1. Can you tell me, using C-alpha contacts under 8 Å and at least 6 residues apart, the relative contact order of the range 241-284 as a whole percent?
2. Multiplying the sequence separation of residue 187 and residue 140 by 0.36 nm and subtracting their Cα-Cα distance, what value in nm do you get?
3. For the range 353-428, what % of the accessible area comes from carbon and sulfur atoms, probe 1.4 Å?
4. Over the range 365-411, calculate the relative contact order: mean separation of alpha carbon pairs under 8 Å at least 6 apart, over the residue count, as a percent.
5. What does the charge count around residue 316 come to, taking other residues whose C-beta lies under 13 Å from its C-beta (Lys +1, Arg +1, Asp -1, Glu -1)?
6. If you plug each phi of the range 306-323 into the Karplus form 6.51 cos²θ - 1.76 cosθ + 1.60 with θ = phi - 60°, what whole-Hz ³J(HN,Hα) values come out, in order, with x for Gly and Pro?
7. Using θ = phi - 60° and the Karplus curve 6.51 cos²θ - 1.76 cosθ + 1.60, what whole-Hz ³J(HN,Hα) does each residue of the range 345-352 get, with Gly and Pro shown as x?
8. Ranked from highest to lowest mean number of other Cβ atoms within 10 Å per residue, what is the order of the peptides 118-127, 283-292?
Amino acid sequence: MYNDEKNLYHYTYRRDGSETGQEPTLGQQLHSSQGGRPVQEMKPVKKSRLGLKITALALACALMGGAAGGGAVFWAMDRAGGAGQDASQSAGQSQVLNQGGQISAPPVTIKNADGVTPMTDAEVYAANVNSVVAITTSGTAGNGYWSQPTSGAGSGFILTPDGYIATNYHVIQDAEAVKVTLYSGETYDARIISGEEDYDIAVIKIEAEGLKPVTMGDSTRLTVGERVLVIGNPLGTLNFSQTGGMISSVNRAIDVDGVPFNMIQTDASINPGNSGGPMFNQYGQVVGIVSAKYTNTASGASVEGLGFAIPINDVAAMIQDIMTNGYATNKPYLGIQPMSWNQQLAAQFRYDISEGVFISYVEEGGAADQAGLRMGDVITKLDDTKIASYEDLVAAKKKYAAGDTSTLTVYRQGETFTVDIVWGSAPEQEIASGDNSEAPADSGNGGNSGNGYLDPNDFFSYFFGNRYW
């Protein structure tokens, strides 16, 4: 796993078996959710480029990286069984075959995930195990003489009968080869369609037919104490394991390797290799994508029961967009260069507010420009969500898609006002080139001279030449 003490949350990989740290048609169109104000109970850790020093905890995420080691969404997929299904039908019941070819006992009736009929844990497993896949990756780290082979493992779930599969971005990041294994034991080479690092999602494709897709649920309806289940491949070897627990928190604001997320927190057992696997509700519907695990490596204390999943409503429309267009055309975009605003900067430049996102530059013709925003404005709220920092804005932005309308609360020259803004779409060249379109202007040392203050002589140098957001 990564053990960078500057971050609380990190993506976990397994390298070489040791822990290191045509267009698809869906049952109904997906929409991004705009619900859920982030809960700020746990202070997120900033990226090192923001200049913050973290001393206490490190997160071991359950992601198994590839090369390194809406409102309500009901996605009613075609559930036609196929090549990856091991169930044998008899007298209205199905008996699931284990990987040794023996019939598991007792027989379990396979139910459809209809969002109405509760299922037992065994029924959830029987209904969905053929829709979960094991993913292995291989690649090369380093260059020339210093290069060495790498491998990784993770999980995923089937989206369509013809082989589209969702997983985490970090499962396939930098992978040179990706293989997918079905519950039946069949193995396929997969190609990467596209992914979004800031949302930690990716779509891959195998050449197969008649696969059994999952059914998507509504993550905005989750409540603390509700039962959830996870199916995946912990440690990259215990394939198709199911674990269960409850929802511990919803809209939990955390930073994973410096990237802000609003996560579903659960006490279900999550380990390296579960990355990219589905989290199911009690009706057998996917409500999250397993992403992270929290451990305290700094103090050596044992931390258990702190796992995290990406709410499916936050990424369902983007997954569909990647499947349809080959990349995320609907990634929301303001056309600004942002930086976190704080008390030191407010005192230095005589602003009346000490929290928010300072706009250091506005792209001509972009969404912010069209809404009348200017350099020097400070965003303090996005709809009903308070924006105290750049990380808050990044996390809140994930609830929206290009074309959505939001209301920003803005501070300018001693006055506060609101402005309606229509989110633009991130430029294709930035997505295709892998550029981080959410890089803040205060990268590096956080826009300060090492004493917590911004050097006036360097003030504008932090604003120009940086990427837009």
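The values are calculated or read from the model by the stated rules, or taken from the named source; none is laboratory data. This one's a predicted model, so the numbers in the text were calculated from it and none came from an experiment. As a convention, Cβ positions derive from the backbone with ideal geometry for all residues, glycine included, and neighbour counts pool all protein chains shown. Surface areas here come from the heavy atoms of the whole protein model, side chains and all, with no ligands, DNA or RNA. Shrake-Rupley method; radii C 1.70, N 1.55, O 1.52, S 1.80 Å.
1. Details: 45 pairs, mean separation 15.8, N = 44.
Relative contact order, the range 241-284: 36 percent.
2. Numbers: separation 47, 0.36 × 47 = 16.92 nm, distance 2.18 nm.
Using 0.36 nm per residue and subtracting the Cα-Cα distance, I get 14.7 nm.
3. Numbers: 1180 of 2980 Å².
Answer for the range 353-428 is 40 percent, counting heavy atoms of protein chains only.
4. Values: 34 pairs, mean separation 21.9, N = 47.
It rounds to 47 percent for the range 365-411.
5. Here the count lands on -2.
6. After applying 6.51 cos²θ - 1.76 cosθ + 1.60, I find 10, x, 9, 9, 6, x, 5, 5, 6, 10, 4, 5, 5, 4, 4, 4, 5, 5 Hz.
7. Computed from phi, the couplings for the range 345-352 are 5, 4, 5, 5, 10, 6, 9, 7 Hz.
8. Details: 118-127: 19.7, 283-292: 27.7.
Highest mean packing first, the order is 283-292, 118-127.
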